[in-house]
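We did not get these values from a lab; they are worked out from the coordinates using the rules stated. Source: prediction; values computed, not measured. Ideal geometry is used to build each Cβ from the backbone, glycine not excepted, and the neighbour counts take in all protein chains shown.
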Amino acid sequence: MPLRCASVGIVLFAVAASVEMRAGAQTPAATIQQGKQLFDGMCARCHGIDGTGDEGPGLNRATLTRAGTDEALREVIRDGIPDRGMPRVRRLTENEIDQLAAYVRSLGRTSATATSGNADRGRALYEQRGCASCHIVNGQGVSFGPDLTEIGMSRGAAYLRQSLLGPAEALPRGSSPVPGRGFTEYLPVRVVTADGKEVRGVRINEDPFTIQVRDTANRFHSFRKSEAREIEKEFGKSLMPSFRGRLADAEVNDLVAYLSSLRGDK
Amino acid sequence: MRTALLIALGLAIVAADTAAQVPYDRIVRADSTPSDWLTYSGNYQSQRFSALTQINRDNVARLKPAWIYQVRRTGIVETSPIVADGVMYITEPPSTVTALDVHTGRPLWTYTPKIPPDVIVIGSPPVNRGVAILNDTVFVGTVHGHLIALDGKSGAVRWDITVDDNRFGYYVTSAPLALDGRIIIGVSGAEAGIRGFLDAYDPKTGKRVWRTHTIPAPGEPGSETWNGDAWKTGGGSAWLTGSYDPVLNLVYWGTGNPGPDWNGDLRPGDNLYTCSLLALSPVDGKIKWHFQFTPHDIHDWDANEIPVLFDAAIDGRPRKLVAMANRNAFYYVLDRETGEFLSATPYAKQTWAERIDAKGKPIRRPGTGPSTEGTLVFPNIQGASNWPSPSYSPQAKLFYQAAREMGTYFYKGEPSYKAGEAFVAGGGRAVNGDDAWGAVRALDATTGKLKWEFKLLTPPMSGVLSTAGGLVFGGTDEGNFFALDADTGKPLWDLQLGGAIRANPMAFAVDGKQYVAIAAGYSLFVFGLP
């Protein structure tokens, strides 16, 4: 059963240099070690071991936009960012928050894994490869797949790489209000109607009695389950093509660099 | 002159008594007046069954909304309406009471207590699940820990008392239970490290008649299941309305988790009477028997589910029974005279117990406790069931339960008590979305054996109602309100209400017409045949 990140969708701390990090008083190594233990248990599934990023953004940076100040960092750890998919996993004591904050800050003092690609070359590849026929960046493109305008704020490089090479294993979950609550988004479905017509597309929403689908031509369909001949939810598949073997490693790096640079600013 | 005045006063008193809308005798006989819905679960046995037959399997497909009432303040509407003599009494979040004309849905009065802005509600959203009615008075518990008696005709306050100090996290969300000369109310607050209790109040004066703590003090029976001072913050809330057997004169009430929730290191032992069912005398609150479903709970599996009373033969012998589909995923049947354990059957996926032994005690699977790195266990924190009501049909002899199929990664944290703050020591991450689901299940009430199920996309937080029309009504988090065939589970009707259903359905009749009511989103919907 796929349990990857469950309710944990996206975005924790976004990346954008703004506030200079203040390390504050010397933090005892023991506090950091305890923070790591908590982090590995609760946070690493989305933010990656050592905070290198995955479905959630990397945290091994000197500056974290949503957590520029220590108080902001403590707040994010304490309350989560529920509307962006980061849950409050559990209630933490002040001491535990101290430990987690100290650990997260320590990640920024290690050398960040640099994205080796070139964002400008990545942008050219994005255009050449027709990504805009399914994705929107800054209002331009087609809305069949996810809007990528701010994708660099919500996903780590490892996840973006996975999305290019094995998109079926990287479908986002519960990061948008519809269908919500940890549901797989852009889940491929195949519906055969009572009169034998087949519709293939992605699930938009669902309840026990009905399912809403957007087909590959980006048209909405609504089906009553009891009236359909067949409804197949194709878990483990994606309608996005895999670029494994179709792009050179360097090209993948360039595309990842470009996508990582997309932060909502033109 | 003086005599005349006394006579006049006497007459007035008599007149007031005869004008009493809902005396105790009427609630005891609730089954014989299905047009009304006089107590939280429909009758004292908490069966949530309607004997009305006008809406039935043959015509339910034509069910239409009759009226809709929208609440004044947004919040989760978990109310379970009461209907008496043409008036419906509902609650709105957080602790407002509103009386509605059942013909039209037009408000007759509304009352909102003064809730301080710094009210402490830890452990649930600030909700209310309904009122109790007795004679001409409506009773409501509030999130600031009060119990308030309102005049049923106007909403005027008859009395307003503090159940306990909200600064320590005591609050009330459940409907009180109105008995003969007693208003029974339990508190919420185990997540703030309260010491739980159940109270009885004089309906006329609001004076407390008794208080029974769910956590014994040193020296009291059960105190040997606690260590040191842990009992002082031991939890054991009594946050959902219980049941009553008028013949045995016993109240049945579930109790919640021990505090802190997910780290039991500070409280070695069984932690009585947490996660238990108590049978108490309404006269003095004395505990006649107890049964603990989950000793030393570390998963937050409160036993605050509805205890359903019914009589049936077991092994050829007629028994007075109480059944509970517990949050820990087992369906329990007990003898309600003695508390004797009769059976426990899983009704949803569970991974924490090898089995339940002959005395009803679970044999835990090793390695299923919360941990720093998270331990995946089924059912999830909110459980295979929760406060939403089950239903028992005396006709079909089936127990209908909206079951939740979901796991949680349970995390263990460090305990740290501070008055009025969360005392939970951990938490969980739900395995939700496409990895979770639910079902309405029909269980043989005496054995717990599955008769049928109707699958739901997500774990439900809606109760169910069964009717003599051969129907089971239920709701979904996606907003579907639906009717199933009570014998087969086949869906017969459904409607999208546009907001999550986190409430219990009920039925009533007025002017010879049957209606079914349910809250969804920020509204209360009432349905009837056109």
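Diagonalising the gyration tensor over the Cα atoms of chain B and scaling each eigenvalue by 5 before taking the square root yields semi-axes of 33, 28, 22 Å, largest first. With all pairs of different C-alpha atoms in the average, the Kirkwood value for the hydrodynamic radius of the stretch A:29-109 is 12.3 Å. One Cα centroid belongs to the stretch B:502-530, the other to the stretch B:127-170; the line between them spans 24 Å. Residues in the stretch B:327-343 carry Karplus couplings, in order, of 4, 7, 5, 10, 9, 9, 10, 10, 7, 7, 7, 10, x, 4, 6, 10, 6 Hz; the curve used is 6.51 cos²θ - 1.76 cosθ + 1.60 with θ = phi - 60°, and Gly or Pro positions show x.
In chain A, the longest principal axis of the Cα atoms and the axis of helix A:70-79 are about 40 degrees apart. Shielding by partners for peptide A:150-160, expressed as the average number of C-beta atoms from other protein chains within 10 Å of each residue's C-beta, is 0. Charge dipole of the stretch A:42-183 (Cα centre as origin; +1 on each Lys and Arg Cβ, -1 on each Asp and Glu Cβ, all else neutral): 200 debye, rounded to the nearest 20.
Binning the alpha carbon pair distances of the stretch A:188-233 at 5 angstrom intervals from zero yields the distribution 6, 26, 39, 24, 6, 0, expressed in whole percent. The mean number of Cβ atoms from other chains found within 10 Å of a Cβ in peptide B:407-414 is 5, as a whole number.
If the cut-off is 16 Å between C-alpha atoms, which lysines fall inside it for residue B:397, apart from same-chain ones fewer than 8 positions away? Within the straight-line cut-off, residue B:397 pairs with B:320, B:449, B:451. Taking a 26 Å limit on the Cα-Cα distance, which of the listed pairs A:197/B:64; B:288/B:359; B:153/B:513 fall beyond it? Going by Cα-Cα distance, A:197/B:64 fall outside the 26 Å limit. Counting, for every residue in B:449-460, the Cβ atoms of other protein chains within 10 Å of its Cβ and taking the mean gives 2. So what's the gap between the Cα centers of the stretch B:375-435 and the stretch B:194-254, to the nearest angstrom? Going from one Cα centre to the other spans 22 Å. The peptide list B:354-361, B:288-295, B:457-464, B:223-230, put in order of mean Cβ contacts within 10 Å with the highest first, becomes B:457-464, B:288-295, B:223-230, B:354-361. Working note: Karplus 6.51/-1.76/1.60 with θ = phi - 60° gives the stretch B:399-404 the couplings 10, 9, 9, 7, 9, 10 Hz, where Gly and Pro are set to x. 3J(HN,Hα) along the stretch B:30-45: 3, 4, 8, 10, x, 5, 9, 9, 9, 9, 2, 9, x, 8, 5, 7 Hz, from the Karplus curve 6.51 cos²θ - 1.76 cosθ + 1.60 with θ = phi - 60°, whole Hz, x for Gly and Pro. Report, to the nearest 10°, how far helix A:119-128 tilts away from the longest principal axis of the Cα atoms in chain A, using its own Cα long axis and a range of 0 to 90°. Roughly 0 degrees between the two axes. For the stretch B:147-285, the average shadow cast by the Cα convex hull is 8.7 nm², which is a quarter of the hull's surface.
Using every pair of separate Cα atoms, the Kirkwood estimate puts the hydrodynamic radius of chain A at 19.8 angstrom. Percent of Cα-Cα pairs more than 35 Å apart in the protein assembly as shown, please. Of all Cα-Cα distances in the protein assembly as shown, 51 percent exceed 35 Å. Based on every Cα atom in the stretch A:75-215, Rg and the maximum pairwise Cα distance Dmax equal 19.3, 63 Å.
Under 20 Å of direct C-alpha separation, and excluding same-chain neighbours fewer than eight residues apart, residue B:207 reaches these aspartates and glutamates: B:136, B:151, B:160, B:164, B:165, B:180, B:199, B:284.
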